[in-house]
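Asker: Before I ask anything, let me first share the structure, which is written out below as structure tokens.
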């Protein structure tokens, strides 16, 4: 039997969960949600993968438990804001609508405890591949799905050997020149939009790479994902922001015995 202290923060931002897709790491996300206490949760797009489910229905109990846990938090006082992405874009037509105490906003400005104004949106708006070439987007998505399936087998073996979680897809993506250039261009486009909107920064997802950094004096924050890296962006009580890698946290929790 194992235990951990609750993670108590002001706000949580998670994106790219892809419930309904076999590569979703719902077990890590469930553990995170059950161990976090916060005032607000922002679901920053691609939470449910309707695109994948058009091809094949995949919805195990853990995916259902994630939805139930989020709705339970919303029912008991946590403000939950759903900002749709390109894989759950059908929800964009329901902007400003509330479902089970969860409100849908296509974009929203979050004000941190220390006064920073941050625009929250998914980020596919800045993706020229998704916007301009549907075929390229589909081809890229199919290749990515193959990598993620391989990733599951790699980590099955690693877990059997007592090794920590490692993302094959993320490692390859960060070493391929085209992917690195794409990420750089994406981040630059996000920072330019923040300047146009006259906010202090932006919080997004979409590219599955968690990061916090300044770009031309604008704060760029990416939540990461719950397919490869299992990361969340959190706002602490003082307004400071950080990336939480829950695979690392989960590994330490598994090895922490309850005191007798």
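Asker: Kindly provide the set of residues from segment 84-110 that are in a loop (DSSP other than H, G, I, E, B) and within 16 Å of residue 49 (Cα to Cα), ordered by number. Talk me through it step by step, then tell me what you get.
Answerer: So in segment 84-110, the residues in a loop (DSSP other than H, G, I, E, B) come out as 84-88, 95-97, 100-101, 105-107.
If the condition is that a residue be in a loop (DSSP other than H, G, I, E, B) and within 16 Å of residue 49 (Cα to Cα), then 84, 85, 86, 87, 88 are the ones that fit.
Asker: What tally of residues in segment 84-102 results from selecting those that are surrounded by 14 or more Cβ atoms within 10 Å (Cβ to Cβ) and in contact with a helix residue (DSSP H, G or I) (Cβ under 9 Å, 6 or more places away or on another chain)?
Answerer: Going through segment 84-102 one residue at a time, the tally reaches 9.
Asker: Let me ask something else about it. Going by the structure shown, is residue 114 outside any loop (DSSP other than H, G, I, E, B), in contact (Cβ under 8 Å) with a residue 24 or more places away in the chain and either loosely packed, with under 14 Cβ neighbours inside 10 Å or touching a helix residue (DSSP H, G or I) at 6+ places or on another chain (Cβ under 8 Å) (or both)? Step through it out loud before you land on a result.
Answerer: Values: outside any loop (DSSP other than H, G, I, E, B): no; in contact (Cβ under 8 Å) with a residue 24 or more places away in the chain: yes; either loosely packed, with under 14 Cβ neighbours inside 10 Å or touching a helix residue (DSSP H, G or I) at 6+ places or on another chain (Cβ under 8 Å) (or both): yes.
Judged against the criteria, residue 114 is not a match.
Asker: Quick test of your reading of the structure: residue 114 fulfils all but one of (1) under 22 Å from residue 47 (Cα atoms); (2) at pLDDT 90 or above; (3) out of contact with any strand residue (DSSP E or B) (no Cβ under 6 Å at 6 or more places or on another chain). Name the failing condition by number.
Answerer: (1)
Asker: Okay, next question. Counting just the residues of segment 45-69 that are closer than 27 Å to residue 241 by Cβ and touching a helix residue (DSSP H, G or I) at 6+ places or on another chain (Cβ under 7 Å), which one comes out surrounded by the fewest Cβ atoms within 10 Å (Cβ to Cβ)? Before the answer, list the steps.
Answerer: Initial filter on segment 45-69 (closer than 27 Å to residue 241 by Cβ): 45-49, 66-67, 69.
Imposing the further condition that a residue be touching a helix residue (DSSP H, G or I) at 6+ places or on another chain (Cβ under 7 Å) reduces the set to 66, 69.
On the way: 66: 22, 69: 15.
Checked segment 45-69; the qualifying residue surrounded by the fewest Cβ atoms within 10 Å (Cβ to Cβ) is 69.
Asker: In addition: Mind listing whichever residues of segment 1-44 are in contact with a helix residue (DSSP H, G or I) (Cβ under 7 Å, 6 or more places away or on another chain), surrounded by 16 or more Cβ atoms within 10 Å (Cβ to Cβ) and outside any loop (DSSP other than H, G, I, E, B)?
Answerer: 19, 26, 28, 29, 30, 31, 32, 33, 41
Asker: Same structure, new question: Identify, please: which residue in segment 232-249 is crowded, with 23+ Cβ neighbours inside 10 Å and at pLDDT 95 or above and is, among those, farthest from residue 115 (Cα to Cα)? Don't jump to the end; show me each part of the working.
Answerer: Within segment 232-249, the subset crowded, with 23+ Cβ neighbours inside 10 Å is 232-233, 235, 246.
This time we only want the ones that are at pLDDT 95 or above, so: 232-233, 235.
Values: 232: 21, 233: 17, 235: 12 Å.
Filtering segment 232-249 for residues that are crowded, with 23+ Cβ neighbours inside 10 Å and at pLDDT 95 or above, the one farthest from residue 115 (Cα to Cα) comes out as 232.
Asker: Give the number of residues within segment 45-64 that are under 21 Å from residue 98 (Cβ atoms), outside any loop (DSSP other than H, G, I, E, B) and touching a strand residue (DSSP E or B) at 6+ places or on another chain (Cβ under 7 Å).
Answerer: Looking only at that region, the number is 1.
The values are calculated or read from the model by the stated rules, or taken from the named source; none is laboratory data. Everything numeric here is computed off the predicted structure, so don't read it as measured data. Glycine also receives a Cβ, built like all others from the backbone with ideal geometry; neighbour counts cover every protein chain displayed.
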